[in-house]
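Everything below concerns the one structure shown next.
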Amino acid sequence: MRKNIVAGNWKMNTTLPEGLKLADEVNAALAAEKHNCDVIICVPFTHLAPVAAVIDQNVLGLGAENCADHTSGAYTGEVSAPMVASTGATYVILGHSERRQYYGETAATLREKVDLALAAGLTPIFCIGEVLAERENGTYNDVVKAQVEDALFHLSAEDFGKLILAYEPVWAIGTGKTATADQAEDMHAHIRGVIAAKYGEQVAQDTSILYGGSCKPSNAAELFAKPDVDGGLIGGASLKCADFMGIVKAF
Ligand code: 13P
């Protein structure tokens, strides 16, 4: 059975003291109230070990926002999957559109990162999604299918089953323009079909597929009510405890 998940992506926000305060608030809010989904925060590298020390990971999961495409060595400024795992974090966002767009990440890079993350015991939260021009010219289903195939279909069924996917239409990220619940559902069902064709219906049914892009307390319930939308990957609204909890409570 797939899980319902709400994951925060803090991106390049918060100083360490601000991040520790936010993580502590979210952890306390989750511990105080019953909730019906797994909750994860993905935070800057600098925050991983200190945040791990203040949260209870039985209550709130912890992840990085990226990792290197090498394990160790002369790669100045990079942080490897085993380093992330050594902080106590257990998740890592990979393939975010901002990494693809601003840092030139390709399917080849992402295959390496996924393999290294899995080898380090991390759960990748793998992002896919089309840009506005692809939505408008009608190629979005093919674009997203190719993103899944090119970066992930070298995996065994067992390894593919360890992934969380996140559909994030680029035109909806940070724009306030959310995909409609029907647009999200159509794409999530499409992605599940692509997975089923390669790995079989059971693997497809067991894969959690999150929606990301201007998800907030006011639209989360409608999105999460769709049968193939298993939660959200939340940017801006994960930076305020009340907003993030408002989304968690949509389940
Ligand atoms: P926003 O929620 O700020 O639109 O960001 C979504 C996102 O990119 C999460 O990874």
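The values are calculated or read from the model by the stated rules, or taken from the named source; none is laboratory data. Only a predicted model underlies this, so the values are computations on that prediction, with no experimental measurement involved. Quick reminder, even Gly has a Cβ in these numbers, built from the backbone with ideal geometry, and neighbours come from all protein chains shown.
Of the residues making up segment 186-233, just one is more than 17 Å from the chain's Cα centre (by Cα) and at positive phi, namely Gly200. Exactly one of (1) over 23 Å from Trp10 (Cα atoms); (2) in contact with a helix residue (DSSP H, G or I) (Cβ under 7 Å, 6 or more places away or on another chain) is unmet by Ile209. Its number? Failed condition: (1). Checked against (1) surrounded by 18 or more Cβ atoms within 10 Å (Cβ to Cβ); (2) more than 28 Å from Ala189 (Cα to Cα); (3) of a type in the set (Phe, Trp, Tyr), Tyr102 passes all but a single condition, namely (1). Residue pairs whose Cβ atoms lie under 7 Å apart, separated by 6 or more positions or on different chains, with the first residue in segment 195-221 and in a helix (DSSP H, G or I) and the second within 16 Å of the ligand (Cβ to nearest atom) and acidic (Asp, Glu), are Pro217/Asp243. Can you find a residue that is of a type outside the set (A, V, I, L, M, F, W, C) and either farther than 29 Å from Ala107 by Cβ or assigned to a helix (DSSP H, G or I) (or both) anywhere in segment 60-81? No, segment 60-81 has no match at all.
Checked against the criterion of being within 20 Å of Thr180 (Cα to Cα), of a type in the set (A, V, I, L, M) and more than 15 Å from the ligand (Cβ to nearest atom), the candidates Ala225, Ala197, Ala220, Ala250 yield just one match: Ala225. Within segment 120-171, being touching a strand residue (DSSP E or B) at 6+ places or on another chain (Cβ under 9 Å) and either assigned to a loop (DSSP other than H, G, I, E, B) or modelled with pLDDT under 95 (or both) holds for Ala120, Leu122, Gly129, Lys162, Leu163, Glu168, Pro169.
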